[in-house]
Amino acid sequence: MTQSERTREEQRLTGVSRDRREGRRDAGRPPAGDNGTLGMKIQDLSAFYGGFKAVTDVSMDIRANKVTALIGPSGCGKSTYIRCLNRMHEVIPGARAEGSVTLGDQDIYAKGSDPVVIRRRVGMVFQKPNPFSKSIYENVAWGARINGFRGDVDELVERSLRQAALWDEVKDRLKESGYGLSGGQQQRLCIARTLAVEPEVILMDEPASALDPVSTQKIEDTMAELKKSYTVVIVTHNMQQAARISDYTGFFYIVNMGDPGRLWEFDETEKIFSNPERKETEDYVTGRFG
Amino acid sequence: MPRESFQQELDNLTGDVLNLGREVGASLENMVRAMETGDEELAARELGVDVRYKARGAELDRDSMILQARQAPVARDLRLLYTVQSVTNHLVRTGALSEHICHALAETAGAERDEDLEASLVEMARTARNIFNEGLDIFEHRDIDRARDLQAKDDKVDLLYSEAMNLIANPSDSGAGAPEWRMRAALMVHYLERIADHGVDIGGSTVFLVTGQRIEDAMRQYLERDINRDGE
Ligand SMILES: Nc1ncnc2c1ncn2[C@@H]1O[C@H](COP(=O)(O)OP(=O)(O)O)[C@@H](O)[C@H]1O
Ligand SMILES: [Mg+2]
């Protein structure tokens, strides 16, 4: 029996699944029975580079204090999408977004909303670690200071470095340059720097893709800790990583070359990796894609 | 398609499980024939097959664990490996039960029998064998519609079970058969009921493999869907 025959067989048996499979206009709604608090609500978001539409019609409810992973083939718009969540996308000349992104009760794209304030509430960690040419201490303290932090800076630096699982490795050399750290340590320094600003949401775009396995594991280990205080959205090309660290997983997909990327399936991570609704998702997570 | 060698390994493992299933099926066939024809020599030839089935089952479990460790399977691959392990377990147990029945038949060669009870046993053995074969066929062809029907066929086994147990508890005055045979008959009735259950479970595992749902959930959803249709 071929896979498509098996899929038809499956559709025949599970009428409810079939409706979801075929309709799925609301791929971004959280699974039924889920009553977590809402961190961000994205509605009909599309993103453009000049005349090119890179992402279309994404609706997604992002749960607070959970890790949401975004996976999918490269070029399907994951980075573009995640940058729309803190108005980083529009920094690129000619780039713009349509639709709405709500954080708490604020539409971050509403007229009069200040991108700088949004980026403080929604922090971002990039693929390549990018520490400042300052001391380890200043890397963490600086962002908080310019954002008007008035409290105990020493305490803030220690707490942020601890949350990023870096404190023990750097506590005796806080005055040394951030450049002296290994790649994995630099990335955790960047996470600490993001945390020091005390955002509500942390976006990470393939934060471990340039790191060795041990550093990758350390970054993953911070996730469980981070979600106690923050909402985390992470793009990863490593599916096992998504399976290990996230609570929800969104699969982005492009139907035909040149089409914009779409959110193809969004569900609890457990569901995506044990029994996804759509064939394309299953092909992708089982590595049968392409 | 990417991961061709992984797919090949999954296909091989599934093929090995089906082969074990066919061997166990052949043992069941011998058991039924030995019972139908009173051929104790045929029954005696089955003695010890359970050891071979257990060893084969352990090999299949090991292969499946190695694949899990090396390939980090998810979704349908994970469901397949899970199902393969569960089906293997059902096959090994069915093989052992069939051997135990043959053992009982060989041991009671020549003992006087209760004809009504013997007829019940033969009927039960045939039904159990059919259910097993059908369960294996459902697994091979992923034919999950038939898995639901299989559950209904198992009800017949339950009926025969009560009937046989009733005959054991209330023997007729004449022709009650030798006590050592009656005692073995009670065990055989129990073993046959277990064999039928393993067959039904192999079908149920296939529902999980294809849909990711337990057969009970799948059936409920299916029934609810029909009710909703009627209401439209
Ligand atoms: N700065 C840019 N200018 C123009 N097109 C871009 C730019 N960045 C990305 N794209 C295009 O947008 C699409 C989505 O890219 P991206 O968001 O990087 O995908 P992913 O992160 O999923 O690999 C691709 O077709 C890519 O070529
Ligand atoms: Mg990207």
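The values are calculated or read from the model by the stated rules, or taken from the named source; none is laboratory data. None of these values were measured; they are calculated from a predicted model. Note: ideal-geometry Cβ built from the backbone for every residue, glycine included; neighbour counts use all protein chains shown. For accessibility, only protein heavy atoms count, side chains too; no ligands or nucleic acids. Shrake-Rupley method; radii C 1.70, N 1.55, O 1.52, S 1.80 Å.
The table that follows gives values for the structure above.
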{"read-out": "Dimensionless Rg/Rh of chain A - Kirkwood Rh, Rg from C-alpha atoms", "value": "0.99"}
{"read-out": "Three-way shape call for region A:88-127 based on the alpha-carbon gyration tensor, with the a/c threshold at 1.5", "value": "oblate"}
{"read-out": "FRET efficiency, 1/(1 + (r/R0)^6) with R0 56 Å, evaluated for residue B:169 and residue A:240 via beta carbons", "value": "0.45"}
{"read-out": "Averaged over B:131-143, number of beta-carbon atoms from partner chains that fall within 10 Å", "value": "1"}
{"read-out": "In Å², nearest 10: area of residue B:103 left accessible to a 1.4 Å probe", "value": "80"}
{"read-out": "Of A:218, A:128, A:279, the one that fluctuates the most in a GNM where chain A has Cα springs shorter than 10 Å", "value": "A:279"}
{"read-out": "Rounded to whole Hz, the Karplus (6.51, -1.76, 1.60) HN-Hα couplings of region B:198-210, x for glycine and proline", "value": "4, x, 4, 5, 5, x, x, 4, 5, 4, 5, 4, 7"}
{"read-out": "Antiparallel bridges, percent of DSSP beta bridges restricted to chain A (to nearest 5)", "value": "60"}
{"read-out": "Kyte-Doolittle at least -0.5, axis length at least 27 Å by Cα - qualifying DSSP helices, chain A", "value": "none"}
{"read-out": "Averaged over A:280-287, number of beta-carbon atoms from partner chains that fall within 10 Å", "value": "5"}
{"read-out": "Heavy-atom SASA rank of B:50, A:259 (probe 1.4 Å, accessible area, largest first)", "value": "A:259, B:50"}
{"read-out": "Peptide-level mean, for A:270-276, of C-beta atoms on other protein chains within 10 Å", "value": "4"}
{"read-out": "Part-to-part distance (alpha-carbon centres) for region B:1-73 and region A:214-290, which is given in Å", "value": "36"}
{"read-out": "Shape call, chain B: gyration tensor on alpha carbons, a/c limit 1.5", "value": "oblate"}
{"read-out": "Beta bridges per DSSP with both ends in the protein assembly as shown, % antiparallel, nearest 5", "value": "60"}
{"read-out": "Estimated FRET transfer efficiency (residue B:149, residue A:259; beta-carbon r; R0 41 Å; 0.05)", "value": "0.40"}
{"read-out": "Theoretical ellipticity at 222 nm over the protein assembly as shown - DSSP helices of four or more residues, -39500 (n - 2.57) apiece, nearest 500", "value": "-19500 deg cm²/dmol"}
{"read-out": "Where B meets A: accessible area buried, both sides, 1.4 Å probe, Å²", "value": "2300"}
{"read-out": "Antiparallel content of DSSP bridges confined to region A:84-241, in %, to 5", "value": "25"}
{"read-out": "For region B:178-190, Karplus couplings with θ = phi - 60° (6.51, -1.76, 1.60), whole Hz, Gly/Pro x", "value": "5, x, 5, 6, 4, 5, 5, 4, 4, 5, 4, 4, 5"}
{"read-out": "Amide proton proximity set for residue A:39, modelled H, under 5 Å, gap of 5+", "value": "A:62, A:63, A:64"}
{"read-out": "Global form of the protein assembly as shown, assessed from the alpha-carbon gyration tensor, a/c cut-off 1.5", "value": "prolate"}
